[in-house]
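None of the figures in this text is laboratory data; all of them are computed from the coordinates on show. Note that the structure is predicted; figures quoted are calculated from it, not measured. Don't worry about glycine lacking a Cβ; one is built from the backbone with ideal geometry, like all the others, and counts go over all protein chains shown.
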């Protein structure tokens, strides 16, 4: 049985850890509120671009564009968005698991890694890190998404990669975050909900032509998807960390209660032993 001194030291250590987890939970809560607001503010622009793409695909016939064609190369690129820090439950490992579940061949996949934890996890699984962009997730900007989109499209048009994927965590609410992998290019019309587009039986007129319009719209659409994924990932990270720190704080409270019980038992045992020794000594004198 542990001594009273050992139990007291253990209790003080757990109390110190509990104070840290409480502080981390409060910080994550504040960051979550800000990041969730940024994600909400981005949705109207994303919805507008999505409706535009749906309208183009619904009202055009047999559009021949390089962003809609299947490539001849088997090489793939995946943008993996995780965090630079741990202590967020299964947030980072879930993204790695989602990439593994997508069955992307390791030898043919280039990883654009955003987040040090994702780099560590994917390297352990045998993936090649093509580029480390971990600093982006610290303060994501739309310009970062545009620059990344430009790099990806340059490789795509050069035939170096044939498919582009995005792996991130979708923020549903404070408690629920879902790691997912989506395909960015080539665009598959079946992935878009064109049923909501009004069927006026008129073809859409492009100025100057359909290829030029798609050349402008699709990169903007990709940039916004990636930027939106940045914002969703940051909100999800803070939500996951808040939940992890809340669980850690509750577990610490349970440990403290158990240690207090053990301490009281040890103290009671020490008092009982001391009284027994006093009684035994008095009997010996008498």
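Rounded is the label for the range 113-190. Its Cα gyration tensor axes, ordered a ≥ b ≥ c, give a/c under 1.5.
Rounded, prolate or oblate for the range 23-119? Axes are the square roots of the Cα gyration tensor eigenvalues, ordered a ≥ b ≥ c, and the cut-off for rounded is a/c under 1.5.
Numbers: a/c = 3.70, a/b = 1.35, b/c = 2.73.
Cα axes put the range 23-119 in the oblate bin.
Between the beta carbons of residue 265 and residue 174, assuming R0 = 45 Å, the FRET efficiency works out to 0.70 to the nearest 0.05.
From the Cα gyration tensor of the range 73-168, with a ≥ b ≥ c the square roots of its eigenvalues, which class applies: rounded if a/c is under 1.5, or else prolate if a/b is larger than b/c, or else oblate?
Working: a/c = 2.25, a/b = 1.22, b/c = 1.85.
Oblate, because a/c is 1.5 or more while a/b does not exceed b/c.
Relative to the longest principal axis of the Cα atoms of the chain, the long axis of helix 91-101 lies at roughly 50 degrees. A protection proxy built from the mean count of other Cβ atoms within 10 Å ranks the segments 100-107, 16-23, most packed first, as 16-23, 100-107.
Relative to the dominant Cα principal axis of the chain, helix 4-59 is inclined by about 10°. Relative to the longest principal axis of the Cα atoms of the chain, helix 142-157 runs at roughly 60 degrees. Over the residues of the chain, the helix contribution to mean residue ellipticity at 222 nm works out to -21500 deg cm²/dmol, using -39500 (n - 2.57) for each DSSP H run of at least 4. Percent of Cα-Cα pairs per 10 Å bin, from 0 to the last occupied bin, for the range 136-178, please list those. Bin by bin from 0 Å, the calculated values are 22, 37, 30, 9, 1.
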